[in-house]
């Protein structure tokens, strides 16, 4: 049976009024409903390395970091390759110039060691504000076992922790062609996991987080494990990586690395 036109119009008006009321109020309780918003906290990252400001590893990392939301990225790195310089520093004033990474991101180039870059940025007022974290890398070549004490990548991260700033040293396993995208993925995953604590008033750090990601000749990185730093190589060759391995028990960082895992180690000061 066809409804009268007046009935149809009335029904439509009633429905529209009901929608209007329910959009701003809880009509049964009379309580106003206010939409909630979540404010994100910006993360300030200082990036450095020991391969030099124009190296491909630092550029790959910076390009990933600037793509993250609410992340401020500042780059201060050695003007030249300083691999193997450990925690060396330069006495007196440091020579610093404007520079860019390989992709053109603005940076400061320090004529000195990796640790000098952090000293200039923090102690000498080289950057405007204290960062939430220092990321050193991504280094060309793993820094595991006996290589850790002489690593400039780790040395820069130690300089940050000595100043009460959390630091991650990140290195990509050596190969004919380094798989920097694999290293970038692991760094970004680590940052996502720790972002909240980095932007909170946490206790000062006591150790450097040292992340080493293998470049797999076949297969892919098997995951991330934590392991202590090996006191010596023990006859193992760190460039012989098996990402198809099924081994899951590891005694140290070399053991995990050569069996295809990205490995995290705490480096005490």
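For the reader, a short list of remarks on this structure follows.
- Yes/no for residue 160 being in a strand (DSSP E or B) and at pLDDT 95 or above: no
- Strands (runs of 3 or more DSSP E) wholly inside segment 163-262 that include at least 3 residues being within 20 Å of residue 64 (Cβ to Cβ) and in contact with a strand residue (DSSP E or B) (Cβ under 6 Å, 6 or more places away or on another chain): 167-172, 207-213
- Residue pairs whose Cβ atoms lie under 8 Å apart, sitting 6 or more positions apart in sequence or on different chains, and linking a residue in segment 86-111 that is on the phi > 0 side of the Ramachandran plot to a partner that is exposed (fewer than 15 other Cβ atoms within 10 Å of the Cβ) and not in a loop (DSSP other than H, G, I, E, B), are 86/149.
- Applying the condition of being under 20 Å from the mean Cα position of the chain (by Cα) and closer than 18 Å to residue 152 by Cβ to segment 87-111 and asking which residue is surrounded by the most Cβ atoms within 10 Å (Cβ to Cβ) yields 107.
- Residue, surrounded by the fewest Cβ atoms within 10 Å (Cβ to Cβ), within segment 196-223, restricted to residues that are under 17 Å from the mean Cα position of the chain (by Cα) and over 16 Å from residue 157 (Cβ atoms): 200
- Identity of the residue in segment 140-151, touching a strand residue (DSSP E or B) at 6+ places or on another chain (Cβ under 8 Å) and more than 14 Å from residue 265 (Cβ to Cβ), that ends up surrounded by the fewest Cβ atoms within 10 Å (Cβ to Cβ): 141
- Residue-level analysis places residue 155 outside the set of residues that are out of contact with any strand residue (DSSP E or B) (no Cβ under 6 Å at 6 or more places or on another chain), assigned to a loop (DSSP other than H, G, I, E, B), in contact (Cβ under 8 Å) with a residue 24 or more places away in the chain and farther than 13 Å from residue 76 by Cα.
The values are calculated or read from the model by the stated rules, or taken from the named source; none is laboratory data. These figures come from a predicted structure and were not determined experimentally. Glycine also receives a Cβ, built like all others from the backbone with ideal geometry; neighbour counts cover every protein chain displayed.
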